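Written below as structure tokens is the structure these notes are about.
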Amino acid sequence: MLEALLDFLAPAHALVTFNGKAFDAPLLNTRYALHSIPTPLREFSHLDLLPLARRLWRDRLPSRALKYLEENILDAPRTTEEVPGYEIPWLYFDYLRTGDATPLKGVFYHNAMDVVAMAALLSHVAAMLHDPFDGRVQHGLDFIALGKLYEDLRQWDLAARLFEHGLTLDLTEADFGSALERLSHLQKRRGDLGEAVRLWEQAAAQGHIYAHVELAKHYEHRLRDYDSAIGWVASALELVKTSELPKYIQKHWKDELAHRNERLKKKRKSKNSRNSL
């Protein structure tokens with residue numbers, strides 16, 4: 001079987017798998033080593049769709065199993081021929097014991113659909129990445145996930161567009177706040193400080209603590225307006241006191257804000273002393 005796989009893979013240049021980097025490839029490499037056969041797998045480019053699926057749909061879908069993605073992303077549920085993956089080893093052992101291959105029909109269907117689904121998922125994801133705005137992507141969280149992906153790839157202009165579009169679609173309050181925070185930091189990194197400040201002010205009006213802190217930093221470090229910075233720290237402290245955050249998170253914010261407040265008061269005092277001379 002190992003040698004047959006060598007022949008099958010001979011014309012290939014790349015592998016597309018689903019969890020293959022963590023499971024299939026290491027297992028096969030071990031089998032080749034046990035039989036003193038050079039493994040062909042190390043020579044291939046290897047695209048594992050599972051980590052990519054996790055990045056794209058982790059925040060929206062409760063499962064990133066291939067069958068679940070077929071049903072909820074590709075809109076292609078399997079037929080009643082499907083055999084759950086956990087049953088396959090036992091069906092195979094039964095076949096070895098009895099010689100009756102009839103129950104393996106569902107196993108062959110399961111494996112064939114796995115291959116077809118990977119091809120379809122690869123095509124779908126490639127189209128999403130090629131043009132996220134062609135209508136294929138519709139859910140706000142999918143745009144946010146793409147924004148995070150392109151931000152990590154340092155394609156910041158495209159990432160900002162994706163975040164902005166995602167924020168116009170239906171998001172929960174928590175998802176909206178998280179995306180807004182990410183976009184504000186991205187705009188700051190892009191050098192668009194005016195847009196970052198606008199987003200922080202928008203988030204602060206909605207009661208997000210991080211936005212008050214970012215505005216305090218902005219007034220302290222860029223504008224040297226210590227009175228305004230102290231005001232933002234004070235409003236952040238009030239939010240922390242009235243929040244329902246876990247005690248350890250409240251303690252973190254209170255300690256951080258108290259330290260910032262003391263530093264700002266010293267800076268304000270020093271600035272006022274210089275101005276009075």
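The values are calculated or read from the model by the stated rules, or taken from the named source; none is laboratory data. Computed from a predicted structure; not experimentally measured. Virtual Cβ from ideal backbone geometry, glycine too; neighbours counted across all protein chains shown.
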(message) So for segment 9-23 (the condition being surrounded by 13 or more Cβ atoms within 10 Å (Cβ to Cβ), part of a loop (DSSP other than H, G, I, E, B) and in contact (Cβ under 8 Å) with a residue 24 or more places away in the chain), does at least one residue qualify?
(response) yes
(message) If I go through segment 152-174 residue by residue, how many of them are more than 30 Å from GLU244 (Cβ to Cβ) and either touching a strand residue (DSSP E or B) at 6+ places or on another chain (Cβ under 8 Å) or in a helix (DSSP H, G or I) (or both)?
(response) 9
(request) Would you check if there is a residue in segment 157-178 being modelled with pLDDT under 90 and touching a His at 6+ places or on another chain (Cβ under 7 Å)? (result) yes
(request) Would you mention how many residues in segment 227-277 are within 31 Å of the chain's Cα centre (by Cα) and small (Gly, Ala, Ser)? (result) 2
(message) Checking the structure you have, find out if any residue of segment 131-139 is surrounded by 16 or more Cβ atoms within 10 Å (Cβ to Cβ) and either assigned to a helix (DSSP H, G or I) or among the charged types (D, E, K, R) (or both).
(response) no
(message) If I filter segment 24-36 down to residues being over 33 Å from the mean Cα position of the chain (by Cα) and assigned to a helix (DSSP H, G or I), which single residue comes out as surrounded by the fewest Cβ atoms within 10 Å (Cβ to Cβ)?
(response) LEU34
(request) Could you check THR39 against (1) in contact with a Leu (Cβ under 8 Å, 6 or more places away or on another chain); (2) part of a loop (DSSP other than H, G, I, E, B); (3) closer than 30 Å to LEU171 by Cβ and say which number it fails? (result) (3)
(message) Restricting to segment 45-85, and then to whatever is over 16 Å from the mean Cα position of the chain (by Cα) and closer than 30 Å to ALA10 by Cα, can you tell me which residue is surrounded by the fewest Cβ atoms within 10 Å (Cβ to Cβ)?
(response) SER45
(request) Kindly check whether there is at least one residue in segment 103-119 that is out of contact with any helix residue (DSSP H, G or I) (no Cβ under 9 Å at 6 or more places or on another chain) and surrounded by 15 or more Cβ atoms within 10 Å (Cβ to Cβ). (result) yes
